[in-house]
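Engineer: Next up is a structure, given as structure tokens.
The values are calculated or read from the model by the stated rules, or taken from the named source; none is laboratory data. What you are looking at is a predicted structure, and each value in this text was computed from that prediction instead of being measured. Cβ coordinates were reconstructed from backbone atoms using ideal geometry, including for glycine residues, and neighbour counts include every protein chain displayed. Note: accessible area is taken over every heavy atom of the protein model, side chains too, but ligands, DNA and RNA are not part of it. Shrake-Rupley method; radii C 1.70, N 1.55, O 1.52, S 1.80 Å.
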Amino acid sequence: MNPITVTITGRLGEDPRTFTTRDNTPGVELRLAVDLPPRGEGGKEITRWVKVTAYGLLASRTAASVGKGDRVTVIADDLMAEAWTAKDSGDPRGQIVLRARDISASMAFDTLLTGYAVRKAARAAAANGEPNDLDASEQADMRVLAGLTS
């Protein structure tokens, strides 16, 4: 078990930025605005910016599903601190980077319709040899898994 688990909820400050690693793994980078409540009497709300990265299927699904302004919850199992010097002013800069294990839409602020039920029904139909909307290779896989063909 990883001793680090961070859960954070915020709004995307911009659309996801996609990239590919050297070994052709898809990746996504999110800039997440996290609003902290005011501290002390008369204090102002503070916005912290957190960079989130994800890889593989999570990255692909996230990039296809969320956009600027969407409220998401991230569960991360790794965090790093990045530090650099600003080119224009020479001032020191830094940020926290979270590596996501899971990213989900905040249902308190948005509606999410997944394709899970439709995919499940299509796979069951394919496994029984019934008409469905799956591509031919996935239909064949479902029939093999159901033992209808070898």
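Engineer: Please go through the stretch 37-51 and pick out each residue that is at pLDDT 90 or above and in contact with an Asp or Glu (Cβ under 7 Å, 6 or more places away or on another chain).
Structural biologist: Within the stretch 37-51, Thr47, Lys51 meet the criteria.
Engineer: Name, by its number, the condition in (1) at pLDDT 90 or above; (2) part of a helix (DSSP H, G or I); (3) surrounded by fewer than 13 Cβ atoms within 10 Å (Cβ to Cβ) that does not hold for Ser137.
Structural biologist: (1)
Engineer: Counting just the residues of the stretch 27-45 that are touching a strand residue (DSSP E or B) at 6+ places or on another chain (Cβ under 7 Å) and open to solvent by less than 50 Å² (accessible area, probe 1.4 Å), which one comes out farthest from Ile96 (Cα to Cα)?
Structural biologist: Gly27
Engineer: To continue, here is another question. Return the residues of the stretch 86-102 that are open to solvent by less than 90 Å² (accessible area, probe 1.4 Å) and over 17 Å from Arg48 (Cα atoms); say none if nothing qualifies.
Structural biologist: Within the stretch 86-102, Ala86, Ser89, Gly90, Asp91, Ala100, Asp102 meet the criteria.
Engineer: Looking only at the stretch 11-26, how many residues end up being on the phi > 0 side of the Ramachandran plot and touching a strand residue (DSSP E or B) at 6+ places or on another chain (Cβ under 6 Å)?
Structural biologist: 0
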